[in-house]
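Contents: one structure, followed by commentary.
The values are calculated or read from the model by the stated rules, or taken from the named source; none is laboratory data. Everything numeric here is computed off the predicted structure, so don't read it as measured data. Heads up, the Cβs are rebuilt from the backbone with ideal geometry, glycines too, and the neighbour counts pull from every protein chain shown.
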Amino acid sequence: MPLLDDVVKTFPPRGNMQQHRLSKATNVYCTRCNCTKTAKLVTTIDEKWDELYCNACYGNNLATTETAG
């Protein structure tokens with residue numbers, strides 16, 4: 001799990017999701033697709049750092065949410 005000290009930029013929230021750019025590529029476990037990925041960009045759900053989405057799942061979830069509404 002990334003450390004908060006590794007965050008170099010935090011993007012505005014979109015619903016309950018918020019993306020964070022890390023200082024270096026880090027192994028993260030995506031709780032949506034159940035995969036471990038190496039990434040600089042991670043998404044927190046409800047501000048919980050133990051519930052992360054990868055960038056692909058963030059995009060898929062966002063697209064599904066925005067087209068449904």
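Things worth noting here:
- In the stretch 3-12, residue modelled with the highest pLDDT [restricted to those that are in a loop (DSSP other than H, G, I, E, B) and more than 11 Å from the chain's Cα centre (by Cα)]: 12
- A Cβ distance below 8 Å, combined with a sequence gap of six or more or placement on separate chains, defines the contacts here; from the stretch 32-44, residues that are without any contact (Cβ under 8 Å) to a residue 12 or more places away in the chain reach residues that are in a strand (DSSP E or B) in the pairs 36/27; 36/28; 36/29; 36/30.
- Scanning the stretch 50-69 for residues that are within 11 Å of residue 17 (Cβ to Cβ) and at pLDDT below 90 gives 62, 65.
- Within the stretch 24-57, the set of residues being out of contact with any Lys or Arg (no Cβ under 8 Å at 6 or more places or on another chain), under 20 Å from residue 12 (Cα atoms) and in a strand (DSSP E or B) comprises 39, 42, 43, 44, 45, 48, 49, 50, 51, 52.
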